[in-house]
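Let me begin by presenting the structure, written as C-alpha cells, before commenting on it.
What follows draws every value from the coordinates through simple rules; no lab data is involved. These numbers were taken from a predicted model, which means no experiment stands behind them. We place every Cβ from the backbone using ideal geometry, glycine too, and count neighbours over all the protein chains shown.
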Amino acid sequence: MGSDQREMMQLIAAHQSRLRGFLRCMLVRSNDVDDLLQEVNLVLWEKADQFETGTDFWAWSSQIARFKVLNRIRAYSRERLVFDESFVAELAEVASERTELFEERQEALEQCLHALPPAQRRMIDLRYIESKSAIAIAEQLQRPVGSVRQTLYRIRQSLLACIESKLPTEPQPSALGGPS
C-alpha cells in the first residue's frame, strides 16, 4: 500500500463519526445511515485520486455524502414522506455547522481537561471514564459523598467556563427557518 493510499485511509477513518453524524441529520430512516456511510466510503476510496492533498477533506467528503443523500431521497420519491432537495441542502448546511461547533467544543474540552490539577482530573476520570457513582468515588477516596458531589459540580462548572472562554463569541447557528 502506497503512502497516498495510507493517507486516504487515515483521512476516511478520521472523519467517520463526523460523516455518520452528518448523514444522521439528513436521513429520515436511521437504518439508512450505516448503509449510506458505506456507500460514501466506497466513493471516497474510488475517487481518492481526485482529492488534492492539503485541501479540506471534510468539504470534499461531505459534498459526496450530500449527493448520496439526495440520490437516496430521489429513490424514495414514490413514498409519501419525502423532503425536497432545497430542504435537504439547508439541512446539510445546518448539520455541517453543528458538527463543526461540536468538534470545536470537543477540542476545547480536551484542552481544559489537560489543564485540570491531577486530583480533579482523577475525580473526573473516576466519574466519567470509569463510570463510578459519587458514592463509589467517595468510598475510594475516603471522602464524604456530599463533598465528592460538590467537588464534581465545581469541576464541571470550571470546565464549562474554560470551554466557553476558548470558543469564539460568534452567534450560535440558528434553527431551520428561524431568525438569524
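The phi torsions of region 142-155, fed into the Karplus equation with coefficients 6.51, -1.76 and 1.60 and a -60° offset, translate into couplings of 6, 10, x, 4, x, 5, 5, 4, 5, 5, 4, 4, 5, 5 Hz, rounded to whole numbers, with Gly and Pro shown as x. Excluding the site residues themselves, the longest part of the chain lacking any GluC sites (Glu not before Pro) in a DSSP loop with at most 16 other Cβ atoms within 10 Å is 1-51.
Here the label points at Met9 and Val94, each 7 Å from Cα along the C-beta direction, are separated by 3.8 nm in the simple model.
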